[in-house]
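The values are calculated or read from the model by the stated rules, or taken from the named source; none is laboratory data. Only a predicted model underlies this, so the values are computations on that prediction, with no experimental measurement involved. Positions of Cβ are generated from backbone atoms using ideal geometry, with glycine treated the same way; all protein chains shown enter the neighbour counts. We work out accessible area using only protein heavy atoms, side chains counted, and drop any ligands, DNA or RNA first. Shrake-Rupley method; radii C 1.70, N 1.55, O 1.52, S 1.80 Å.
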Amino acid sequence: MTAHCVMVLGTTSGAGKSWLTTALCRYYARQGLKVAPFKAQNMSNNARVVSEGEIGSAQYFQALAAGAVPDVRMNPLLLKPEKDTQSQVVLMGQVNAELSRMEWRGRSASVWPVVSRALDELIAENDVVVMEGAGSPAEINLKASDIVNMRAAQHANAACLLVTDIDRGGAFAHLYGTWAMLDEAERQLIKGFVLNKFRGDAKLLAPGPQMLQDMTGIPTVATLPMWWQHGLPEEDGVFDDHSVASGAVSTTVAVIAYPRISNLDEFQPLKNVPGVRLKWVRSPAELMGADWVILPGSKHTSGDLAWLRKQGLDQAIAAHAGRGGAVLGICGGLQMLGEALIDPHGIDGNAPGLGLLPVVTVFDEAKTVRHRQAAFTPLRGLWAAMSGVEVQGYEIHHGQTAPHSAMAAAGDLVHAVMPEGLAWQNHAGNVLGLYLHGMFEDPRVLKALFGAAAPTLDSVFDGLADYIGEHFSPGVLQSLIGPR
């Protein structure tokens, strides 16, 4: 078995590569083909647990769309930004401290043999490999150390689509400029241009697509209308700009959007639950009117906690909790809710916590990365509906959390509401913290909390495949996996 490779490149970050790759995975899988996704290098703090470690969330969902078991080979290199000039490097699912310390450009020579081997194995085991680039393939300052765009495309002899966000303006210039900055051998791999996020009458684009084809020889093979509610979790950013509830709003959920937010994709189901309005908050004023406040995961807990205090959100969250409002902390958010962060190994940093749960977190050198299934013990107050509910999710964190003193536990100030220190609740019952990611992706939780459920991922994937099948020029998608 030797796979045909199809690759989605973009003129910029945010052009639509990830969702289009996901759609292609499901489109080809529905033809009875064995399909796998691949992205050589992903820079994201949204990660999922697989059997060998962790990979970027986008490749995890792409694998599910393909009907494949998610595998570290599908995203062999994951960069998790901790600061503006520092990332944790995850190679084949595992943190690599040596690579994390290495200079950016020197890293590619070390990792390319691993990356290319992973790609070769997927090609040997599948009928189709749908590859995704990163950023733009025309970043000439990075070309010498490129492993994720044209180097990967040429290695796989991939049929490439170049997608641009026409809503930003300058789409034809972006497409032409990107094509023009590629080498001739690289241009030969570009099989079609895709205009994404178009609003209005596509007839008004004429004669632009034909003029672009006359200049490049590359046809525009799809014009994809703007689609806000496709239901796929966002990969690179929050989705607050267009977060609206379906039907009358009964619950407003405010998620604190600190700079190093991680695993934000786990909140996508809340966006799809009728009556729930999900919004992202960066200031105390935006917190007004919220029924729930969620402190999500963080790739740099102490740094995001300092940012939260600088914004004045610490006082706003405390006031919300003091009024009896629901507060939920997940992973790094749980750690922030406690009394203190203690870092004896220089992993994250020492810091005082928000003091809403009488627990303390001590950071470990070892990183916990695992799937978990656990049931809530009896919960109090606002979270009581989840009592006894079994939840399936995953852990990705440094550090362990425990009551800050024997007196706290004995005084009934904090309750372990999951085994092995996975979750804690305050005496009043309105503040809950847990290490388990993915709670809202479990239909049992949505049923308990809202009496409803979000659309299944399978229905989302099928919708994406139907969408591209409708909007690509006839025969194009099949031609990408035909003889070349």
Flagged as over-length at 30 Å C-alpha distance, from 197/310; 80/279; 39/447; 279/299; 367/447, the pairs are 197/310; 39/447; 367/447
Contour minus Cα-Cα span, residue 342 to residue 390, at 0.36 nm per residue, comes to 14.2 nm
For residue 34, the lysines lying under 22 Å Cα to Cα, once residues fewer than eight places off in the same chain are dropped, come out as 17
Longest principal axis of the chain (C-alpha) makes with the long axis of helix 57-66 (C-alpha) an angle, in degrees to the nearest 10, of 60
Computed for the chain: size of charge dipole around the Cα centre, +1 on C-beta of each Lys and Arg, -1 on C-beta of each Asp and Glu, debye to nearest 20, value 400
The percentage of the accessible area of the range 91-156 (probe 1.4 Å, all protein chains present) made up of carbon and sulfur atoms, to the nearest whole number, is 52
Checking the range 45-98 for GluC sites (Glu not before Pro) in a loop per DSSP with at most 16 other beta-carbon atoms within 10 Å yields 52
A chain fully extended from residue 33 to residue 444 at 0.36 nm per residue, minus the present Cα-Cα distance, gains in nm 144.7 nm
Counting only protein heavy atoms and leaving out ligands, DNA and RNA, the solvent-accessible surface of residue 191 at a 1.4 Å probe, in Å² to the nearest 10, equals 90
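For the pair residue 249 and residue 458, what calculated FRET efficiency results from E = 1/(1 + (r/R0)^6), where r is the Cβ-Cβ distance and R0 = 30 Å, to the nearest 0.05?
It comes out at approximately 0.65.
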In degrees, nearest 10, the alpha-carbon axis of helix 313-322 is tilted away from the dominant principal axis of the alpha carbons of the chain by 50
One finds, for residue 83 and residue 114 with R0 = 22 angstrom and r their Cβ-Cβ distance, a FRET efficiency to the nearest 0.05 of 0.30
Under the 7 Å Cα-to-Cβ spin-label approximation, residue 167 and residue 103 lie apart by a distance in nanometres of 4.0
Helix 104-125: inclination vs the chain longest Cα principal axis, degrees, rounded to 10, gives 70
Rounded to the nearest 10 Å², the 1.4 Å probe accessible area of residue 50 is 10
Order by accessible surface, 1.4 Å probe, largest leading, for residues 461, 198 comes to 198, 461
Chymotrypsin sites (Phe, Trp or Tyr not before Pro) in the range 106-185 lying in a DSSP loop, each with at most 14 other Cβ atoms within 10 Å of its Cβ, come to none
Two pseudo-spin positions, 7 Å from Cα along C-beta at residue 227 and at residue 201, lie apart in nanometres by 2.4
Rounded to the nearest 0.05, FRET efficiency between residue 51 and residue 141 (Cβ-Cβ, R0 60 Å) equals 0.95
The chain accessible area per residue, 1.4 Å probe, protein heavy atoms, integer Å², reads 39
Per the rule of 0.36 nm per residue minus the C-alpha distance, extending residue 478 to residue 188 adds in nm 102.6 nm
The computed P(r) of the chain puts the percent of Cα pairs beyond 31 Å at 45
